[in-house]
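What follows is a set of notes on a single structure, which appears directly below.
The values are calculated or read from the model by the stated rules, or taken from the named source; none is laboratory data. None of the values given here were measured: they were computed from a predicted structure. FYI the Cβ positions are ideal-geometry reconstructions off the backbone, even for glycines, and counts take in every protein chain you see. Just the protein is used for accessible areas: all its heavy atoms, side chains included, with ligands, DNA and RNA removed. Shrake-Rupley method; radii C 1.70, N 1.55, O 1.52, S 1.80 Å.
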Amino acid sequence: MSGPEAKVYFSETDRGRENRVDQQTLGMIALLRSALNDEACALPEGFDLEQALPVLCRQSLAGLALRGAVRCGVPKTGKAFSRLIAVFRQEALVSGRQMQRIGELTALFDAHGLDLLFVKGAVMKPLYPQPELRVMGDADVLIREEQYPEIRRVLTENGWNNDGDCGYECQWSCDGLRIDVHRCLSKPEENLYYDYYRDGWRLAEKGPSGSLHHMRPEDHFIFMLIHFVRHYRGGVAPVKSICDFYVFYRAHPNMDQAYMEQELEKLRLLAFYRNILQLLDCWFRGAPFSAVAEQITVTALRGGIYGKEQSDVVSAAIRISDGESSMLRKKLRWFFWRVFPPASYLKHRYPALQKAPVLLPVFWAVRGWEIATHPERRDRAIESSRLMLETDEEKLTAYQEQLRGIGLDISELE
């Protein structure tokens with residue numbers, strides 16, 4: 001499939017540098033831009049929708065790609081177009097059930113005087129041209145920790161199933177909707193973020209019902225940005241999140257930039273935030289691509305320098321090594337941390353540690369047994385260990401340089 005030749009963008013300071021945003025990538029961006037701006041964009045010469053399908057479907061972008069393809073005049077007779085229709089129909093059915101369950105969950109909490117605050121997907125879906133265009137794997141909700149015993153009782157009595165509890169968050173599901181119930185909006189090992197979100201309710205404002213709360217737009221955008229950073233550090237830049245940033249900014253054009261920059265400076269994310277704004281200009285307004293915008297784009301739509309699993313291991317090795325210069329010592333420290341994690345890490349999975357830290361060795365054994373007897377966790381631990389053995393200083397350096405190049409420094413995020 002082809003169309004008029006797409007312009008290849010460079011900033012003035014980047015001319016002469018090899019362009020890493022290829023025609024397939026520009027074509028996918030054009031579909032997203034067309035879908036969200038409700039306009040026809042020229043698809044690049046040589047763009048193949050069928051070749052782009054695996055990326056579009058894996059990134060949960062079938063609905064947006066279909067909407068964009070219609071606006072770009074893509075023939076509706078091809079196999080790729082039919083595949084997008086089939087995937088989107090399924091996503092629309094799931095979306096309808098999810099929105100219905102969210103309404104029921106809000107009414108249930110309201111009836112029992114239990115507070116809740118939705119973030120991410122449940123907030124974003126209504127802001128899209130059609131809610132079903134924003135695929136949501138699960139709904140994230142913040143609750144008050146002291147209310148959780150009552151929440152467990154209410155959910156259980158109303159047909160919800162408890163699918164797991166890892167301390168700071170718990171998973172529940174009911175008839176097409178899974179919810180991640182957060183006691184805190186950050187993992188305890190994310191020191192900087194955990195300190196910031198230790199009391200997430202300080203950012204909450206009352207909603208239209210007695211129980212439903214929301215964040216101010218500025219605070220919700222900051223939370224979404226932090227969520228994106230978590231993924232990026234693990235080698236993945238979800239395109240869905242980049243679309244969320246653009247949709248959210250259009251819905252809230254008058255956000256308090258001075259406040260946002262002040263808070264992002266505290267979180268050491270101000271430079272990255274500015275690069276994300278530049279990226280949105282490139283993707284959705286046709287601005288020239290800088291080297292930074294190219295790097296984030298390549299990671300988002302073509303994969304970064306490493307896959308997610310390798311990046312997870314590399315980032316963990318950097319964070320846990322605590323300045324060790326020897327690669328062997330870094331690996332030994334990583335393996336030791338994996339086998340004997342600190343109480344601050346385990347206490348949210350095993351709440352008994354909060355009252356009796358002396359039991360830490362007991363829970364090391366319990367955790368080891370759980371990993372050994374749970375196939376998925378065991379296989380994941382084995383694969384992580386293999387990747388760590390293969391990691392060398394060159395990979396660590398390249399990873400850190402890539403992050404610094406887009407405004408992130410892994411040592412500053414802890």
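May I ask you to verify whether Glu394 is of a type outside the set (S, T, N, Q) and more than 22 Å from Cys170 (Cα to Cα)?
Numbers: of a type outside the set (S, T, N, Q): yes; more than 22 Å from Cys170 (Cα to Cα): yes.
Yes; evaluated as a whole, the condition is true for this residue.
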Checklist entry - Before we move on, is Arg268 modelled with pLDDT under 95 and in a helix (DSSP H, G or I)? => result no
Checklist outcome for this item: (1) touching a Lys or Arg at 6+ places or on another chain (Cβ under 9 Å); (2) within 25 Å of Met224 (Cβ to Cβ); (3) open to solvent by 10 Å² or more (accessible area, probe 1.4 Å) all hold for Leu53 apart from (2)
Checklist entry - So Ser95 clears everything in (1) open to solvent by 50 Å² or more (accessible area, probe 1.4 Å); (2) part of a helix (DSSP H, G or I); (3) closer than 30 Å to Glu50 by Cβ except one condition, right? Which one? => result (1)
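Does any residue of segment 260-277 turn out to be closer than 30 Å to Gly113 by Cβ and either charged (D, E, K, R) or open to solvent by 40 Å² or more (accessible area, probe 1.4 Å) (or both)?
Taking segment 260-277 first, the residues closer than 30 Å to Gly113 by Cβ are none.
No - not one qualifying residue is present in segment 260-277.
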Checklist entry - Which ones in segment 397-414 are part of a helix (DSSP H, G or I) and at pLDDT below 75? => result Ile410, Ser411, Glu412
Checklist outcome for this item: Matching residues in segment 64-91 (β-branched (Val, Ile, Thr), in a helix (DSSP H, G or I) and open to solvent by 30 Å² or more (accessible area, probe 1.4 Å)) number 2
Checklist entry - Do any residues in segment 331-359 that are without any contact (Cβ under 8 Å) to a residue 60 or more places away in the chain have Cβ atoms under 7 Å from those of residues that are open to solvent by 50 Å² or more (accessible area, probe 1.4 Å) and of a type in the set (Lys, Arg), where the two are at least six apart or on different chains, and which pairs are they? => result Leu353/Lys347; Gln354/Lys347
Checklist entry - Can you tell me which residues in segment 44-80 are basic (Lys, Arg) and either farther than 17 Å from Phe284 by Cβ or free of Cβ contacts under 8 Å to residues at least 60 places away in the same chain (or both)? => result Arg58, Arg71, Lys76, Lys79
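Just for helices (runs of 4 or more DSSP H) wholly inside segment 108-226: which have at least 2 residues that are open to solvent by 60 Å² or more (accessible area, probe 1.4 Å) and of a type outside the set (S, T, N, Q)? Don't jump to the end; show me each part of the working.
On the way: elements: 121-124, 148-157, 191-197.
Ranges flagged: 148-157.
Identify, from the list Val247, Val314, the residue that is part of a helix (DSSP H, G or I), open to solvent by less than 10 Å² (accessible area, probe 1.4 Å) and modelled with pLDDT under 85.
Details: Val247 fails: modelled with pLDDT under 85.
The unique qualifying residue is Val314.
Name the one entry in Lys355, Lys330, Lys308 that is buried (at least 19 other Cβ atoms within 10 Å of the Cβ), at pLDDT below 90 and charged (D, E, K, R).
Values: Lys355 fails: buried (at least 19 other Cβ atoms within 10 Å of the Cβ); Lys308 fails: buried (at least 19 other Cβ atoms within 10 Å of the Cβ).
None of the others qualify; the one that does is Lys330.
Could you please find all residues in segment 49-63 being in a helix (DSSP H, G or I) and either of a type in the set (Gly, Ala, Ser) or closer than 13 Å to Ala86 by Cα (or both)?
Restricting attention to segment 49-63, the residues satisfying the condition of being in a helix (DSSP H, G or I) are 49-58, 62-63.
Residues satisfying the conditions are Ala52, Leu53, Cys57, Ala62, Gly63.
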